[in-house]
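Working notes, beginning with the structure itself.
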Amino acid sequence: MTRPPTAAQRRVIDAADPVSGRLRGTEAQLAALVKRGLAFRHPRPPHDHFLTPAGHRTRESEPEVAEPAAAAEATATSNSTTASGVFAAHIGGEERTGISPAARTREVHSAWQGLLELRRMTNADGSVERPCGWERTHLVQAAALALEAAGHRPATGLDAEGYR
């Protein structure tokens with residue numbers, strides 16, 4: 001069982017950029033977060049530090065749980081609710097997934113950046129303005145991603161407002 005982060009480390013984690021997870025702190029704080037597996041140092045200059053998926057989960061969890069049994073239950077619950085960090089299109093009618101809005105924002109941002117890179121690599125002229133082959137074969141998922149990347153929220157449940 002790992003120890004929870006110290007108060008100073010928790011402040012650094014909580015102050016991380018909400019989308020990219022970029023961290024700001026002293027070298028000692030950042031090195032301690034890397035050692036605990038909550039952050040990683042980017043290999044290219046300027047060698048910034050970013051939260052790992054475990055660091056994002058730590059940021060979204062409560063700072064401290066009083067009882068050890070309650071902590072184990074909270075960990076089991078958080079791991080079972082789509083904490084994969086992979087974008088899955090919500091095409092309408094799904095029940096709430098239990099994923100936090102901040103985590104969903106990160107998933108959508110990451111998926112959109114990946115789609116733009118896919119467009120750049122597959123279009124002959126490198127254009128990101130035109131759809132790529134994947135989008136043409138996965139119309140519903142591509143449209144859901146584009147809508148969420150533009151800030152529109154999907155419908156959840158059978159009668160909720162949102163795109164469908």
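The values are calculated or read from the model by the stated rules, or taken from the named source; none is laboratory data. This structure is a prediction, so every number in the text was calculated from the model and none was measured. Accessible surface is based on the protein model in full, side chains and every heavy atom, while ligands, DNA and RNA are left aside. Shrake-Rupley method; radii C 1.70, N 1.55, O 1.52, S 1.80 Å.
Phi angles of segment 5-10 translate, via the Karplus equation with coefficients 6.51, -1.76, 1.60 and θ = phi - 60°, into HN-Hα couplings of x, 5, 4, 5, 5, 4 Hz per residue; Gly and Pro are given as x. Taking all protein chains together and rolling a 1.4 Å probe, S61 ends up with roughly 50 Å² accessible. Taking all protein chains as they are arranged and a probe of 1.4 Å, the heavy atoms of V108 leave approximately 10 Å² accessible to solvent.
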